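Notes to accompany the following structure.
The values are calculated or read from the model by the stated rules, or taken from the named source; none is laboratory data. These figures come from a predicted structure and were not determined experimentally. A quick note on method: Cβ atoms are made from the backbone with ideal geometry, for glycine too, and the neighbour counts reach across all protein chains shown. Surface areas here come from the heavy atoms of the whole protein model, side chains and all, with no ligands, DNA or RNA. Shrake-Rupley method; radii C 1.70, N 1.55, O 1.52, S 1.80 Å.
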Amino acid sequence: MSNRGQSYGMSREVQNKIDEKYDQELEERLVEWIMCQCGSGVERPEPGRVGFQTWLKDGCVLCELINSLSGAKKPIRVIKSSTMPFKQMEQISLFLHAVESYGVTKTDMFQTVDLYEGTDMATVQRTLMALGCLAVTKDDGNYKGDPNWFHRKAQENRRDFSEEQLSQGKNVIGLQMGTNKGASQAGMTGYGQSRQIINNP
């Protein structure tokens, strides 16, 4: 799996387009946040896409990250560093399940192979961004770092209307439906009558 050969032709073009989506500035921001969130136990990775992928590949840093965001109730109890591929992929899967339980939507999540094989690191960045945004929005005291690194997600703004207000709204014609102002039937003839054509010399 991880020793896949070089791609050619159309596959190569597709991979190049995926690689172009990777954001170097976003990588720096994510590294700063992860190091701040996880504490001194996490070392800084080498800069660049390959260094970022190698840093996250075994799943340990990711598991530490989601545990630090969950407070006392840690979703991943055992985090073990391993050189065995299936163990590393298992840890990435545990992280993805924990992130989904935390509230990140499936559409914002990467697949295990995207990270492990490094085929789509831009999607990995998008997942971490979604996690950061959700952590800032929850504001439960577990987020560490600059809150300006991530934007807050929109919150529900529920409104309650009285029955009187609701009934008044039924009498208003929305502008999407047009308007009845200025409409009149003045000068119209009844249906079925012949049209009056007057020729004035």
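Could you please report the charge total around Glu43, scoring K, R as +1 and D, E as -1 over all other residues with beta-carbon less than 15 angstrom from its beta-carbon? Residues near Glu43 contribute -2 overall. For the stretch 117-164, which whole percent of the accessible surface, found with a 1.4 angstrom probe, sits on carbon and sulfur atoms? Accessible surface attributable to carbon and sulfur in the stretch 117-164 totals 42 percent. Solvent-accessible surface (1.4 Å probe) assigned to Met84 amounts to roughly 90 Å².
If you take the square roots of the eigenvalues of the alpha-carbon gyration tensor of the stretch 29-135 and sort them as a ≥ b ≥ c, do you get rounded (a/c under 1.5), prolate (a/b over b/c) or oblate? Taking the square roots of the gyration eigenvalues as a ≥ b ≥ c, the stretch 29-135 is rounded. Given +1 at the Cβ of Lys and Arg, -1 at the Cβ of Asp and Glu and no other charges, the dipole of the stretch 13-83 around its Cα centre is 560 debye to the nearest 20.
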